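Presented below is the structure to which this report refers.
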Amino acid sequence: MEVRVTGELEAKLTHSAAQQGRAPDDLVQDVLTRYFEEEARLVEAVKRGEEALQRGESLTHEQVGQRLQRFLES
């Protein structure tokens, strides 16, 4: 497969790969692999959330704020 990128993106890719001592093609492979892994995790999390909502499990706006506050304080 061949992917075309803008000159600016190619320069960034080449620079980043050089800083890491890697070939640009290898860096692209790793970036795409991580992207699709993260996308799969996101889709799964959304499915779990939708299933929880269908079971009637949800938080109020206030509860979300409290959890976020506790998270930020820790």
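Coordinate-derived values only; no laboratory data. Since the model is a prediction, treat every value here as computed from it, not as a measurement. Heads up, the Cβs are rebuilt from the backbone with ideal geometry, glycines too, and the neighbour counts pull from every protein chain shown.
State all residues of region 10-50 that are hydrophobic (A, V, I, L, M, F, W, C) and in contact with a helix residue (DSSP H, G or I) (Cβ under 8 Å, 6 or more places away or on another chain); if no residue qualifies, say none.
Across region 10-50, the qualifying residues are LEU13, ALA17, ALA23, LEU27, VAL28.
Only one of the listed residues (VAL28, VAL46) is touching a residue at least 12 places away in the same chain (Cβ under 8 Å) and part of a helix (DSSP H, G or I). That residue is VAL28. So for region 7-18 (the condition being in contact with a Lys or Arg (Cβ under 9 Å, 6 or more places away or on another chain) and among the hydroxyl-bearing types (Ser, Thr, Tyr)), does at least one residue qualify? Yes, some residue in region 7-18 is in contact with a Lys or Arg (Cβ under 9 Å, 6 or more places away or on another chain) and among the hydroxyl-bearing types (Ser, Thr, Tyr). Look at (1) surrounded by 10 or more Cβ atoms within 10 Å (Cβ to Cβ); (2) within 23 Å of the chain's Cα centre (by Cα) and you find that GLN63 fails only one, number (2).
If the condition is being assigned to a helix (DSSP H, G or I) and of a type in the set (A, V, I, L, M), then region 49-74 contributes ALA52, LEU53, VAL64, LEU68, LEU72.
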